Amino acid sequence: MKIRSARLHHARLALVRPFRTSFGTATHRELLVLRLETDLGIGWAECAADPDPLYSSEFLAAAVLVLRDHLVPRLTAAGDVTADSVAGLLEGVAGHPMAKHVLETAVLDAELRAQARSFASRLGATVTHVPAGVSVGITPDVGSLLAEVESYLDAGYRRIKLKIEPGWDLTPVEAVRDTFGAIPLQVDANAAYDRGDLDHLRRLDDFDLLLVEQPFAEHDLLTHAAAAALWTTPVCLDESIASVHDLQTALALSACDVVNIKPARVGGYLEAVRIHDVARRHALPVWCGGMLETGIGRAANLALAALPGFTLVGDVSASGRYYQQDLTPEFVLVDGHLAVPDGPGSGVEVDEAALADATERVIELVGADL
Ligand code: SMG
Ligand code: MG
């Protein structure tokens, strides 16, 4: 296909409730939505980069620049592109997986829409519905945490993830266990601890958690390996895994028992599938992470989460957990599950009126005259 125009919508959506992690509190999500017009039709995707480089080194303003000045020009210069060729064409640009992800995903969406084929079919989904988990932020006190967890359990969520940080770990976990019993429960530290915390965090072993996600720094695989050897609770990597190579290194070091796969973090869905495939060959369970996506990103995440190696419940929740007004038809929980879209491309239509309402700035990356 040939790219005719590429337009970014810089949008801002209020979250239904603030989401606090060890690296900050979000009351809104600022995001980039890419609309790619090709000779075969339109493709849509959303970029997971946040305004500030806190979760990872990427951030929204940098994503705009690298897309405009380095990534999109490589695709337009190539003339004909396919989703399979995108990663190779962008390889010369170091880093920026979230910016690469949004571009590859929009190409893939346009390509699949033109073929009347779904993401689910293309990626290799084997189920039509996936169980939904929910990620619960750090709250001002234990009482409000318990109320929030209860509301999600009442809604039917099949697994609860608690964000933790130093000073907010054993106590909230114990309170949730004591109150709700043997629910599927896990925690995520977003790299907030260091090697000196190995013994402290080992006390989480008392709570029969499904896993502890990314307790240590992104590049500190050695401390994750020490934890995996010392703790009975499985160690899961998120931020540390940006590619198949990273997974192979983690496996060689025995640095994890589980991997959270986020397409945005690893540069796109095609690399996400390759990571899934390697993990599956090593009998390493994986699950699909989230970046507070709108329905645009969530639709494709559901297709990924429907692959056979995704044996653990992911962070893909219903629209209502995030936004009052989603950018696609609403995703709703039915018996604790979300349906995997099976229409062409991502399987959802972008609500262009809702997108226009949320858009603060439109950035044309390639003119319509090309
Ligand atoms: O999409 O439901 C979601 C959020 C899941 O906790 C979540 N994501 O480290 O896994 C993670 C965080 C990163 C995003 S925090 C803004
Ligand atoms: Mg995480």
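Which of the residues belonging to region 229-245 are out of contact with any strand residue (DSSP E or B) (no Cβ under 8 Å at 6 or more places or on another chain) and away from ligand 1 (no atom under 14 Å from the Cβ)?
Residues satisfying the conditions are Ala229, Leu230, Thr232, Ser243, Val244, His245.
Could you tell me which residue of region 110-125 is nearest to Gly343 (Cα to Cα), considering only residues that are touching a helix residue (DSSP H, G or I) at 6+ places or on another chain (Cβ under 9 Å) and outside any helix (DSSP H, G or I)?
Top of the filtered list is Ser118.
Within region 166-213, count every residue that is within 14 Å of ligand 2 (Cβ to nearest atom), without any contact (Cβ under 8 Å) to a residue 40 or more places away in the chain and farther than 17 Å from Gly133 by Cβ.
Summing the residues that are within 14 Å of ligand 2 (Cβ to nearest atom), without any contact (Cβ under 8 Å) to a residue 40 or more places away in the chain and farther than 17 Å from Gly133 by Cβ in region 166-213 gives 1.
Just to be sure, is Val107 part of a helix (DSSP H, G or I), within 11 Å of Ile3 (Cβ to Cβ) and within 19 Å of the chain's Cα centre (by Cα)?
yes
Tell me the strands (runs of 3 or more DSSP E) entirely within region 128-232 that contain at least 3 residues that are crowded, with 21+ Cβ neighbours inside 10 Å.
Correct list: 133-136, 159-163, 185-188.
Give region 297-337 a look and list any residue that's among the small types (Gly, Ala, Ser), closer than 21 Å to Glu213 by Cβ and in a helix (DSSP H, G or I), or say none.
Result: Gly297, Ala305.
Answer with yes or no whether Val72 is open to solvent by less than 10 Å² (accessible area, probe 1.4 Å), in a strand (DSSP E or B) and more than 16 Å from ligand 2 (Cβ to nearest atom).
So Val72 does not fit the description; no.
I'm checking my understanding of the structure. Among residues of region 279-296 that are under 10 Å from Gly309 (Cα atoms) and assigned to a helix (DSSP H, G or I), which one is farthest from ligand 1 (Cβ to nearest atom)?
Applying the filter and picking the extreme gives Arg281.
(1) within 15 Å of ligand 2 (Cβ to nearest atom); (2) in contact with an Asp or Glu (Cβ under 6 Å, 6 or more places away or on another chain); (3) free of Cβ contacts under 8 Å to residues at least 60 places away in the same chain: which one isn't true of Val259, the others all being true?
(2)
Can you find a residue that is surrounded by fewer than 24 Cβ atoms within 10 Å (Cβ to Cβ) and either under 24 Å from Leu54 (Cβ atoms) or in contact with a helix residue (DSSP H, G or I) (Cβ under 9 Å, 6 or more places away or on another chain) (or both) anywhere in region 297-304?
Taking every residue of region 297-304 in turn, none turns out to be surrounded by fewer than 24 Cβ atoms within 10 Å (Cβ to Cβ) and either under 24 Å from Leu54 (Cβ atoms) or in contact with a helix residue (DSSP H, G or I) (Cβ under 9 Å, 6 or more places away or on another chain) (or both).
What are the residues in region 247-278 that are under 17 Å from Ser57 (Cβ atoms) and either within 16 Å of ligand 1 (Cβ to nearest atom) or of a type in the set (S, T, N, Q) (or both), if any?
Lys262, Ala264, Arg265, Val266
What tally of residues in region 273-288 results from selecting those that are open to solvent by less than 10 Å² (accessible area, probe 1.4 Å) and either touching a Ser or Thr at 6+ places or on another chain (Cβ under 9 Å) or of a type in the set (Asp, Glu) (or both)?
Of the residues in that region, 3 qualify.
Could you tell me which of the residues Leu270, Leu292 is more than 14 Å from ligand 2 (Cβ to nearest atom), open to solvent by less than 40 Å² (accessible area, probe 1.4 Å) and in contact (Cβ under 8 Å) with a residue 60 or more places away in the chain?
Matching residue, one of Leu270, Leu292: Leu270.
Is it the case, given these coordinates, that Gly43 is open to solvent by less than 60 Å² (accessible area, probe 1.4 Å), within 17 Å of Pro263 (Cβ to Cβ) and assigned to a strand (DSSP E or B)?
Judged against the criteria, Gly43 is a match.
Among the residues of region 126-149, is any away from ligand 1 (no atom under 16 Å from the Cβ), of a type outside the set (Phe, Trp, Tyr), touching a residue at least 60 places away in the same chain (Cβ under 8 Å) and closer than 23 Å to Ile241 by Cβ?
The answer is yes; a qualifying residue exists.
The values are calculated or read from the model by the stated rules, or taken from the named source; none is laboratory data. Note that the structure is predicted; figures quoted are calculated from it, not measured. For neighbour counting, all protein chains shown are included, and Cβ atoms are generated from backbone atoms with ideal geometry for every residue, glycine included. When the accessible area is computed, the model is the full protein with side chains, heavy atoms only, and any ligands, DNA or RNA have been set aside. Shrake-Rupley method; radii C 1.70, N 1.55, O 1.52, S 1.80 Å.
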